[in-house]
Amino acid sequence: MDNQFLQSNDAAFPLWGLVHAAALDPETGRRDQTFYIKMRDQSGILTFASALDAEIYSQRLAAAGIHGWCRQRLERIDLARVMAQVPEPERRLMLALGFFASDTNDLLLDADHALITPLLPVPFDLQHSLHGVSQLRIHAEVLEFIHEWWERIGGLNYSDQVHSLEHWSDLALARCASEALDKARIMALAQYHAAWTEAGTNEECAVFVPEAGAWQFTPLQGPRQRTLH
């Protein structure tokens, strides 16, 4: 990527993180508890480009007994404090773009019963103003990649639908996420591998398309080969 940066508040849509509800209560004296995730040898702040994906993920966490996590605009999270103990070269966002699914159209769960997301590690820079306010900057090419990815997995109109979520109320987003989870078939990754041999499996990415009220499944490599149930 080049050195052309985009400030988060200049993006065509907000980025979202997850914070714990306890951090929103000033009486607890606790600061932001931000959802941090590790993928192989990379780790960072779990971040969503879609408000609906963030809401689906947090509702699924609650269903798995992991309560208290809610979506929050990334610019409202104190990233400087969160990353204070992290070496600068390792400071990154783990950008979630939809959800991993099996080639039998089941959303997949990890060992903690959380949904598994395709993650794009995104380095970022915090620019400090004279007033001590930190602004997140990410490479402008990331935004272009997100749109290309959405067009591939959700269709030509999916990007517009994600942008329209900016105008949805919290209640409307919560209802749409609940509908998405009600319509999803969900399987633990270990269960999936136990039921099917790993050889020949074909990863898919799933997104819930609000306009259609249905999940869209897209193979990431080649055509689907397994018979759907």
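Each reported figure results from applying straightforward, stated rules to the coordinates on display, with no laboratory input. As the structure is a prediction and not an experimental result, all values here were calculated from the model. As a convention, Cβ positions derive from the backbone with ideal geometry for all residues, glycine included, and neighbour counts pool all protein chains shown.
Summing charges over all other residues whose Cβ lies under 12 Å from the Cβ of residue 182, with Lys and Arg as +1 and Asp and Glu as -1, gives +3.
Return the long-range amide H neighbours of residue 124 (sequence gap of 5 or more, or a different chain), with a cut-off of under 5 Å between placed amide H atoms. Amide H to amide H, under 5 Å and 5 or more residues apart or across chains, residue 124 pairs with 93. Close amide H pairs (under 5 Å, H built 1.01 Å from N) link residue 97 with 120, residues at least 5 positions away or on another chain.
Using the Karplus equation 6.51 cos²θ - 1.76 cosθ + 1.60 (θ = phi - 60°), what ³J(HN,Hα) coupling, rounded to whole Hz, does each residue of segment 152-159 give in order, writing x for Gly and Pro? Result, rounded to whole Hz: 6, 9, x, x, 4, 8, 5, 4.
What does the charge count near residue 213 come to, summing +1 for each Lys or Arg and -1 for each Asp or Glu among other residues with Cβ under 12 Å from its Cβ?
Charge balance in the 12 Å sphere: -1.
Our coupling estimate for segment 180-189, obtained by passing each phi through the Karplus curve with A = 6.51, B = -1.76, C = 1.60 and θ = phi - 60°, is 4, 5, 5, 8, 8, 8, 10, 9, 5, 4 Hz, Gly and Pro reported as x.
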